[in-house]
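In what follows, a structure is listed as structure tokens, so that the remarks can point back to it.
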Ligand code: SF4
Ligand code: F3S
């Protein structure tokens, strides 16, 4: 974020300056377009977001690297502070909240008693072996805590591939028995929306929240990912696809062919097997892996850490799953 914008943002967060109506409507227009609606839908987004009651969000951290939160903190258009100020009331999030210990725990219990209910966001896998003792928060196992919070939520969102499918800590031999949210918590009736990716594009998370507020539950694919963001493969919209179609494959990363934008399939690209909107959405409107010269490793797919490795080798017959 440029310094001037950061300063403006801090002023807004300090309560000395509010986002202008123009900025707010621009945000709503961006969101309307992103969830697949035309500009005419922007006032409806504005109406839903301008209500006095922003939805309470409880954001929990499991077994993970916190990379999804890092991506969200760097969200651009909207900035993360705009998300908080305009879209949600972030009532519990261990990474960004000022309080800690007993005070943080009290904030969680208070948020859970909100009469309007709350949205539960889970980031990270859930250890399940040996009673879940490989991951604890405030004396409770992650498994117990997440089950308690998610079971009462109005909606649950699994943020990132660890929360969706178990993630890197679930890689064979998976010593902690890490599982994704729906796999671990289906017994308590949880059916989370999966925002897959390692990390996911923050816009996929924000767009899902806005969709829930304006149009309700988005249409999901077989892995519970919103079809509006995960309906096409990375390969479908890749700018290197014309080279794929001509059989023009870069032989190594330093080659002239790689620099000329030839296809990275022979260098391990899993774009043909991976459903995500990276080529069309970009990260922070700047870049995405294949454009930066790296093959897609399939980070939004279940079990990619085992099924798609070694990452820099092609899978001739496609992944097992
Ligand atoms: Fe498909 Fe990957 Fe080649 Fe792009 S670089 S055309 S996604 S195989
Ligand atoms: Fe992940 Fe492939 Fe996109 S590695 S970020 S799904 S290009």
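The condition of being closer than 23 Å to residue 73 by Cα and near ligand 1 (Cβ under 9 Å from one of its atoms) does not hold for residue 272. Exactly one residue among 310, 279, 314 is touching a residue at least 24 places away in the same chain (Cβ under 8 Å), within 14 Å of ligand 1 (Cβ to nearest atom) and more than 15 Å from residue 197 (Cα to Cα), and that residue is 314. Just to check your reading of the model, which residue among 96, 57, 121 is within 30 Å of residue 305 (Cβ to Cβ), touching a strand residue (DSSP E or B) at 6+ places or on another chain (Cβ under 9 Å), modelled with pLDDT of 80 or more and in a loop (DSSP other than H, G, I, E, B)? Of the residues listed, the single one that is within 30 Å of residue 305 (Cβ to Cβ), touching a strand residue (DSSP E or B) at 6+ places or on another chain (Cβ under 9 Å), modelled with pLDDT of 80 or more and in a loop (DSSP other than H, G, I, E, B) is 96. Those helices (runs of 4 or more DSSP H) of region 208-321 in which 2 or more residues are surrounded by fewer than 15 Cβ atoms within 10 Å (Cβ to Cβ) and in contact with a strand residue (DSSP E or B) (Cβ under 8 Å, 6 or more places away or on another chain) are absent. Screening residue 71 with (1) in a helix (DSSP H, G or I); (2) surrounded by fewer than 21 Cβ atoms within 10 Å (Cβ to Cβ) gives one miss only, at (2).
Restricting attention to region 166-186 and to residues that are touching a helix residue (DSSP H, G or I) at 6+ places or on another chain (Cβ under 9 Å) and under 14 Å from residue 156 (Cβ atoms), the residue that is farthest from ligand 2 (Cβ to nearest atom) turns out to be 185. Checking residue 259 against (1) under 20 Å from the mean Cα position of the chain (by Cα); (2) more than 16 Å from ligand 2 (Cβ to nearest atom): exactly one of these is not met. Which one? The single condition residue 259 does not satisfy is (1).
The values are calculated or read from the model by the stated rules, or taken from the named source; none is laboratory data. These numbers were taken from a predicted model, which means no experiment stands behind them. Here the Cβ is made from the backbone with ideal geometry for all residues, glycine too, and neighbour counts use every protein chain on show.
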